[in-house]
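Working notes, structure below.
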Amino acid sequence: MMRNLPAGQAEQVHRTGSGNDPGAALLISLIDCAGVTRGKTVPLARAPSAAASGLGASPSWALFCVDNAIAWIPSITPVGDHRLRADMNAALRLDERLTWAPAEVWEQEGGRAFWCARSLLRAQMVALAAEGIDVKSAGEIEFVLLPNGEAGETGWQAYGVGPLLDQEGFVTEVIESFERLGLGLEQFHSEYGDGQYELSLAPADPVAAMDKIALSRILLGRIARRHGCRVSLSPLPFAGGTGNGAHIHFSFTRNGEPLLAEGSGPHGITPEGGAMMGGIICHLPEMVGLLAPSILSPARLQPGRWAGAFACWGRENREAALRYCAANPGNPGGAHLEIKCVDPSANPYIAAATILAMARAGLEAGLALPPEVEADPAALSAEEREARQILPLGGDPQAILKRLEESPLARRWLDPQMLAALLAVRWHELERYGGQPLEDVTSALRFAWSV
Ligand code: GLU
Ligand code: MG
């Protein structure tokens, strides 16, 4: 069963798994290399077979693009078969008709297929655990809710109660269903941009936390449809509008002791915590193509958008890619990092795994915590930023992909085929939409990452 489920629901999931209810269906989903949610359904009675031998998927699924083109790489052809295996231990019964389970991707003969993002994240978690470090993670979802799929009237109030009441039926159904499913909804509010809302989820182990993000996207899509709306999870739903982030929070402990608090460094950050933060900051410029990877991502990843457009950290600094949130009575959950540059076009499992891989590289190299950036990095002069080695993360999308292509760390932690697939689907986006006016690209891709 999904971790953190109240006991009653755990039993419900178990009953679900027995397949006694012939009326029920099982939805098995994954998020692909282009950040798109794809999946299959089977009668619930077939859950044991979906878990054991899985459902067929051509290896070309690894290369599906936002427009459903296939960005072929030399090692993948139309010949072959992968298996989508339902992880019934993480299954959740959504209602009496539909059960959901995340899929892992297997080779026919056994062993994970190269593009199984969920198992890549688990491997990073296990590697940190082998070094004695426990990691907790939590996701946020920003989205734009569009009645009839259109932009609404203006008059939006950022964080306003009015927009919550405008969509009261949607809002209360989301809260009710997230609570019923035990997803640990922490808050749900109207955001800054027109039509934009945000919800945040409670911390869990990173795989469970990203499962919750994957399921939340499905639930939001499902509930929005019932209210005549569509959800946009595009990094930039409208040219000139506000971006959608997909911030991920992390905290680290060793033997139950926090690594981001109660230590000898600034704000109590321990040397190990500092090394992990140093690793993330130092590798972000080459890895941002896995965190904000789409053709629309650089348009969001700009100063003044609270998107964390610079590779640096600062306490409660919303313009830094790493916002350090100290432990205090206002943050009783303890010190943690919010990685703000991530957007919803990224595969969330790959984004979280990338962040952990960068943190581990920092630990391995024994990096020191870089100096804190206490101001808005965009307010510093270009010379000052250069002197302090504060690098911008946005910019030319081709340059972002080139840096990823040439990144020694990406080659080290990612299977070469997986890196090739992740790059191929994004090069396709640049070829297909590059050079078009931003209005056209935002409109073509407004629902590309929606469920
Ligand atoms: N919408 C902003 C983004 O694109 C984030 C705003 C916030 O800090 O919540 O990341
Ligand atoms: Mg927000």
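The values are calculated or read from the model by the stated rules, or taken from the named source; none is laboratory data. Just so you know, these numbers come straight off a predicted model, no measurement behind them. So basically every Cβ, Gly included, is an ideal-geometry build from the backbone, and we count neighbours across all protein chains shown. Please note that ligands, DNA and RNA were not included when accessible areas were found on the heavy atoms of the full protein model with its side chains. Shrake-Rupley method; radii C 1.70, N 1.55, O 1.52, S 1.80 Å.
Can you find even one residue in segment 301-320 that is in contact with a helix residue (DSSP H, G or I) (Cβ under 7 Å, 6 or more places away or on another chain), within 16 Å of ligand 2 (Cβ to nearest atom), acidic (Asp, Glu) and open to solvent by 10 Å² or more (accessible area, probe 1.4 Å)?
Yes, because at least one residue in segment 301-320 is in contact with a helix residue (DSSP H, G or I) (Cβ under 7 Å, 6 or more places away or on another chain), within 16 Å of ligand 2 (Cβ to nearest atom), acidic (Asp, Glu) and open to solvent by 10 Å² or more (accessible area, probe 1.4 Å).
For segment 293-316, what are the residues that are closer than 15 Å to THR242 by Cβ and outside any helix (DSSP H, G or I)?
Correct list: LEU296, LEU301, GLN302, PRO303, GLY304, ARG305, TRP306, ALA307, GLY308, ALA309.
Regarding segment 114-121, can at least one residue be identified that is outside any helix (DSSP H, G or I) and either farther than 30 Å from MET358 by Cβ or within 16 Å of ligand 1 (Cβ to nearest atom) (or both)?
no
Among the residues of segment 419-430, is any open to solvent by 40 Å² or more (accessible area, probe 1.4 Å) and in contact with a Phe, Trp or Tyr (Cβ under 9 Å, 6 or more places away or on another chain)?
No - not one qualifying residue is present in segment 419-430.
Filter segment 235-257 down to residues that are touching a strand residue (DSSP E or B) at 6+ places or on another chain (Cβ under 7 Å), more than 16 Å from ligand 2 (Cβ to nearest atom) and open to solvent by 10 Å² or more (accessible area, probe 1.4 Å) and give me whichever is nearest to ALA204 (Cα to Cα).
For segment 235-257, the residue satisfying everything is SER251.
With the condition kept exactly as written, say whether any residue in segment 187-207 is surrounded by 20 or more Cβ atoms within 10 Å (Cβ to Cβ), more than 16 Å from ligand 1 (Cβ to nearest atom), over 30 Å from ALA361 (Cα atoms) and free of Cβ contacts under 8 Å to residues at least 40 places away in the same chain.
no
Output the residues belonging to segment 221-254 that are more than 16 Å from ligand 1 (Cβ to nearest atom) and over 30 Å from ALA327 (Cα atoms).
GLY221, ARG222, ILE223, ALA224, ARG225, ARG226, HIS227, GLY228, CYS229, ARG230
At least 3 residues that are over 28 Å from THR37 (Cβ atoms) in each: list the helices (runs of 4 or more DSSP H) lying fully within segment 357-451 that qualify.
Numbers: elements: 382-387, 397-405, 408-413, 416-433, 438-444.
Where helices (runs of 4 or more DSSP H) fall fully within segment 357-451 and carry at least 3 residues being over 28 Å from THR37 (Cβ atoms), they are 382-387.
Output the number of residues of segment 146-176 satisfying the condition of being open to solvent by less than 10 Å² (accessible area, probe 1.4 Å) and either in contact (Cβ under 8 Å) with a residue 40 or more places away in the chain or within 21 Å of the chain's Cα centre (by Cα) (or both).
Residues meeting the conditions: 3.
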